[in-house]
Amino acid sequence: MDTLNFFQAINNFVWGPPLLILLVGTGVYLTVRLGLLQIFKLPLALKYLFVKDSDDSGEGDVSSFAALCTALAATIGTGNIVGVATAIRLGGPGALFWMWMAAFFGMATKYSEGLLAIKYRTKDENGQQAGGPMYYLEGGLKNKKLGKILAKSFAVFGIGVAFFGIGTFAQVNAIVTGVSGGFGVPRIIVAVLLTLSVAAVTVGGIKSISRVSEIVVPFMALFYVFGATIILLMDRSATAAAFNLVISSAFNGHAAVGGFAGAGVALALKAGVARGVFSNESGLGSAPIASAAARTNSCVRQGLISMTGTFFDTIVVCTMTGLVLISSGFWNHANLAGAEVTNAAFNNLLTFGGIGGLIVNIGIIFFAFTTILGWNYYGERCTVYLCGVKGIKYFKAIFIFLIAIGPFIRLELIWVVADIVNGLMAIPNLIGLIALSGVIIKETKDYFEELKVKEKKTKTV
């Protein structure tokens, strides 16, 4: 058995039915207990993004918006371009539907993670906010021994994701491929420039990373979505047909066609959920690490803001990519894989001056770069939990070294390893979310009852 097949076997075990059931089941469970909060409270959550409140004046290192942008920097990455293409290539158009379902229930999961991040956060030796699953697992679970074991497991797997999963190799390879293929720059030069850029930003910690994220994340998302929207509007009949194919394939599977080998419902579901989680990270426990740095007094308010991250990432950005791929017909091309599929689809549908491919390449570069920054922070916080602030310099040194060698790692192996460490990271976090669901429900109920009282007082004044 060669290396790739060995890791693929591990990946198939990790991402077997138990984890998929736990992942989606946790989202379904929280959705029911929270009364479909991701539907009824989404308008309020979107409002909180842009309207400041007295809750925003609490302790924290950065604003709630900056914390969300940092989390989005880590989530809106190659998963939105390469990951969607890979999911549809494996599971057919129906995989996009299951990405939507994973995102819908994942919004309740992401809300809960953001809430607990503020509820149980603390400060490190440097006076910076420290929070995330490590802290709510250790501080929230009644069984303290189990809580510590789960917290340390999460931190170890979190560093693994930062080093070998979402944080480095997948993003670096995407950037190098985009710059080298799109602009003809030699790989070694891209590797050097990327390494220096990452080092320059990450040295400044959360404040430096959030400043860059606040500027780059909204710009890159709007730029990419605008280009995809133009394509979809140019041929609305093809877009409608693509949407219908997504729905029908989700429940009936998809027969072999072109270079596509065919896929049943089970394979579409697995590909959609796995790639959906890789993209929006709901249930992984990564986003609450950034949420914990938010300047706020309300854990519920931050939870609502955190929830919008999954909405923007999957319901908006991934949907755009998926519909462009399917409407173009390139999703089943035998000789294209990863970013090449998306590039070809955009180029084919937006031919003027090669602008379609330019949108994809620029999108990949920005998406992947900000994901690297976000995961540098996540890995750093996991390191602080395990080793204290003295471990930060060693973490950063290893992280930057891995960025430097990332362009020369085999692509197929990158995605398999990324999936493995993602799955292992999710397990302790999901256990913690279920165990602390009572806290989540109580905090949510108390907040909205207080909100009703405030609204009544405002009306009577």
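The values are calculated or read from the model by the stated rules, or taken from the named source; none is laboratory data. Treat the numbers as computed from the prediction; the structure is a model and nothing was measured. A quick note on method: Cβ atoms are made from the backbone with ideal geometry, for glycine too, and the neighbour counts reach across all protein chains shown. In case anyone asks, the SASA skips ligands and DNA or RNA and just uses the protein heavy atoms, side chains included. Shrake-Rupley method; radii C 1.70, N 1.55, O 1.52, S 1.80 Å.
Key figures
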read-out	value
Selected residue (only one of Gly272, Gly204, Gly253, Gly276 is surrounded by fewer than 22 Cβ atoms within 10 Å (Cβ to Cβ), closer than 30 Å to Phe13 by Cβ and not hydrophobic (A, V, I, L, M, F, W, C))	Gly253
Entirely in the stretch 349-461, the helices (runs of 4 or more DSSP H) that have 2 or more residues that are open to solvent by 30 Å² or more (accessible area, probe 1.4 Å) and of a type outside the set (A, V, I, L, M, F, W, C)	392-405, 437-460
Filter result (of a type in the set (A, V, I, L, M) and either free of Cβ contacts under 8 Å to residues at least 40 places away in the same chain or surrounded by fewer than 24 Cβ atoms within 10 Å (Cβ to Cβ) (or both)) within the stretch 101-141	Met101, Ala130, Leu141
Helices (runs of 4 or more DSSP H) within the stretch 89-205 that include 3 or more residues among the aliphatic types (A, V, I, L, M) and within 19 Å of the chain's Cα centre (by Cα)	94-119, 144-164, 169-183
Any hit, the stretch 331-340, residues being in contact with a helix residue (DSSP H, G or I) (Cβ under 8 Å, 6 or more places away or on another chain) and either within 30 Å of Glu443 (Cα to Cα) or β-branched (Val, Ile, Thr) (or both)	no
Residue identified as of a type in the set (A, V, I, L, M) and part of a helix (DSSP H, G or I) among Ala334, Ala344	Ala344
Residues (surrounded by fewer than 12 Cβ atoms within 10 Å (Cβ to Cβ) and either of a type outside the set (D, E, K, R) or modelled with pLDDT of 95 or more (or both)) located in the stretch 40-60	Phe40, Pro43, Phe50, Val51, Ser54, Ser57
Yes/no for Gly35 being out of contact with any helix residue (DSSP H, G or I) (no Cβ under 7 Å at 6 or more places or on another chain), modelled with pLDDT of 85 or more and either in a loop (DSSP other than H, G, I, E, B) or open to solvent by less than 10 Å² (accessible area, probe 1.4 Å) (or both)	yes
Neighbours by Cβ (under 8 Å, 6+ apart or cross-chain): first from the stretch 218-242, over 23 Å from Phe369 (Cβ atoms); second surrounded by fewer than 13 Cβ atoms within 10 Å (Cβ to Cβ)	Thr239/Leu233
Residue count, the stretch 162-206 (criterion: β-branched (Val, Ile, Thr) and in contact with a Gly (Cβ under 6 Å, 6 or more places away or on another chain))	2
Residue in the stretch 311-324 that is open to solvent by 10 Å² or more (accessible area, probe 1.4 Å) and either of a type in the set (Lys, Arg) or under 20 Å from Gly158 (Cβ atoms) (or both) present	no
First in the stretch 1-27 and at pLDDT below 85, second anywhere and open to solvent by 80 Å² or more (accessible area, probe 1.4 Å) and hydrophobic (A, V, I, L, M, F, W, C), Cβ under 8 Å, 6 or more apart	none
Residues (under 14 Å from Leu115 (Cβ atoms) and open to solvent by 10 Å² or more (accessible area, probe 1.4 Å)) located in the stretch 283-297	Asn297
